[in-house]
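> Provided herewith is a single structure, encoded as structure tokens, for subsequent inquiry.
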Amino acid sequence: MLDALGDPTRRAIFEQLGERPSAVVDLADRLPVSRPAVSQHLKVLKQAGLVRDVQVGTRRVYSLDPDGLAGLRDYLERFWRTALHSFKTRVEQENPDREEGESNG
Amino acid sequence: MADVQTAVTASIIVDAPIERAFAVFTEDIASWWPKEHHMLQGQESHMVLEPKQGGRIYEIGADGSDCKWSHVLVWEPPNRIVFTWELSPQWSLEPDLAKASEVEVRFTAEDAGRTRVDVEHHHLDRHGEGWEGLRDAIGSPGGWPLELGAFAQRVQAEKVS
């Protein structure tokens, strides 16, 4: 699978939507990308929970998803995974040196 | 976890007795807290956890400046600790406690020498309004870009079933 914000074009789209909600055609005008490509990128961003869309008349308007905690959740999930592995490495050291601070009793 | 997306969980089993696991996690937090997630930028800093209910968790820099980013809400050694997460999605101090989330960490002895550690970081919706600030962090030096790329990969690779 593709990654959502690892792709520079998707990141650019994401940033544009941060500036203002936009339809596919607006994004295609502002970026060097075709409309079908923009649609494809939006689909990925939407699946990742980073953007949402609403139908406004004949236009489908995309914006960042303020309720979409997916980004924050995944960020923190990754943080805790990293942190716990770091913790495991530390706690399993045979002879923990306490270079600083007091020793515990 | 299908609909309730206001929490994240993480677990790990470590080869250490529960008392040691709890002690290292709390009093020795500086030894394992990921360096790239320190709040004070551009200087050496140290993470401190005051081991008591009502204690603070803070980072203190070489120049004496500090960043108190958490209150210890529950202190039950060696089984459980709950603390606030007073950080915005931009990883800066969130002074509004109404926008702070909470982290609960439970320690369970698997046997005499092994301990299971469960982290539940909940009430993430309280950060909701800050979420759009994510875009401001993109491209900022020392900010999120690397993390973003990585988390985005995980979003795709491990789309929760």
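The values are calculated or read from the model by the stated rules, or taken from the named source; none is laboratory data. Since the structure is predicted, the reported quantities are computational estimates derived from the model, not experimental observations. Note: ideal-geometry Cβ built from the backbone for every residue, glycine included; neighbour counts use all protein chains shown.
> Using the structure shown, decide if residue A:52 is closer than 26 Å to residue A:73 by Cβ and either among the hydroxyl-bearing types (Ser, Thr, Tyr) or modelled with pLDDT under 90 (or both).
Working: closer than 26 Å to residue A:73 by Cβ: yes; either among the hydroxyl-bearing types (Ser, Thr, Tyr) or modelled with pLDDT under 90 (or both): yes.
Yes: the conditions hold for residue A:52.
> Right, something else. From the list B:94, B:76, which residue is of a type in the set (D, E, K, R), within 24 Å of residue B:116 (Cβ to Cβ) and more than 12 Å from every other protein chain (Cβ to nearest Cβ)?
On the way: B:94 fails: within 24 Å of residue B:116 (Cβ to Cβ).
Every option except B:76 fails the conditions.
> If you don't mind, another one. Starting from residues that are among the acidic types (Asp, Glu) and under 16 Å from residue B:85 (Cα atoms), keep the ones in region B:1-60 and report whichever is surrounded by the fewest Cβ atoms within 10 Å (Cβ to Cβ). Let's see the steps before the verdict.
Here is the first cut: in region B:1-60, the residues among the acidic types (Asp, Glu) are B:3, B:15, B:19, B:27-28, B:36, B:44, B:50, B:59.
Adding the requirement that they be under 16 Å from residue B:85 (Cα atoms) leaves B:50, B:59.
Numbers: B:50: 17, B:59: 21.
Among those that are among the acidic types (Asp, Glu) and under 16 Å from residue B:85 (Cα atoms), it is B:50.
> Is it fair to say residue A:16 is on the phi < 0 side of the Ramachandran plot and at pLDDT below 90? Before you say what the answer is, go through the steps one by one.
Numbers: on the phi < 0 side of the Ramachandran plot: yes; at pLDDT below 90: yes.
In short, yes.
> Additional query: With the requirement that a residue be of a type in the set (S, T, N, Q), in a loop (DSSP other than H, G, I, E, B) and more than 19 Å from residue B:95 (Cα to Cα), what does region B:18-69 give you?
Taking region B:18-69 as the starting set, the residues that turn out to be of a type in the set (S, T, N, Q) are B:26, B:31, B:41, B:43, B:45, B:53, B:65.
In the following step, the residues that additionally are in a loop (DSSP other than H, G, I, E, B) were identified as B:41, B:43, B:53, B:65.
Selection gives B:43, B:53.
> Applying the selection to region B:125-144, what residues are under 15 Å from residue B:70 (Cβ atoms) and either of a type in the set (Ser, Thr, Tyr) or modelled with pLDDT of 75 or more (or both)? Lay out the reasoning, then the answer.
The first filter runs over region B:125-144 and keeps only residues under 15 Å from residue B:70 (Cβ atoms), leaving B:126-127.
The answer is B:126, and nothing else.
> Is there a residue in region B:97-114 that is more than 18 Å from the chain's Cα centre (by Cα) and part of a loop (DSSP other than H, G, I, E, B)? Write out each step before concluding.
Of all residues in region B:97-114, those more than 18 Å from the chain's Cα centre (by Cα) come to B:108-114.
Now restrict to residues that are part of a loop (DSSP other than H, G, I, E, B): B:112-113.
Yes - at least one qualifying residue is present in region B:97-114.
> Further question on the same structure: Which of the residues spanning region A:55-84 are surrounded by 15 or more Cβ atoms within 10 Å (Cβ to Cβ), more than 7 Å from chain B (Cβ to nearest Cβ) and at pLDDT 80 or above?
A:61, A:62, A:63
> If you don't mind, another one. Taking residue B:59 as the residue in question, decide whether it is within 13 Å of chain A (Cβ to nearest Cβ) and charged (D, E, K, R).
Numbers: within 13 Å of chain A (Cβ to nearest Cβ): no; charged (D, E, K, R): yes.
Answer is no for this residue.
> What residue, among those in region B:1-17 that are of a type in the set (Val, Ile, Thr) and over 14 Å from residue A:90 (Cα atoms), is modelled with the lowest pLDDT? So that I can check it myself, show each step before the final result.
To start, the set of residues in region B:1-17 that are of a type in the set (Val, Ile, Thr) comprises B:4, B:6, B:8-9, B:12-14.
Keeping just the survivors that are over 14 Å from residue A:90 (Cα atoms) gives B:4, B:6, B:8-9.
Values: B:4: 42, B:6: 73, B:8: 83, B:9: 87.
Among those residues, the one meeting the criterion is B:4.
> Considering only residues of region A:5-42 that are among the basic types (Lys, Arg) and within 12 Å of chain B (Cβ to nearest Cβ), which is nearest to residue A:62 (Cα to Cα)? Don't jump to the end; show me each part of the working.
At the first step, the residues of region A:5-42 found to be among the basic types (Lys, Arg) are A:10-11, A:20, A:30, A:35.
Restricting the remaining residues to those that are within 12 Å of chain B (Cβ to nearest Cβ) gives A:10-11, A:20.
Values: A:10: 13, A:11: 14, A:20: 9 Å.
Here the residue is A:20.
> If you don't mind, there's one more thing I want to ask. Would you point out the residue of region B:66-90, among those that are at pLDDT 90 or above and of a type in the set (Ser, Thr, Tyr), that is nearest to residue B:27 (Cα to Cα)?
Ranking the candidates gives B:70 first.
> Being within 11 Å of another protein chain (Cβ to nearest Cβ), at pLDDT 90 or above and under 16 Å from residue A:80 (Cα atoms): is that true of residue B:117 here?
Details: within 11 Å of another protein chain (Cβ to nearest Cβ): yes; at pLDDT 90 or above: yes; under 16 Å from residue A:80 (Cα atoms): yes.
The answer is yes for residue B:117.
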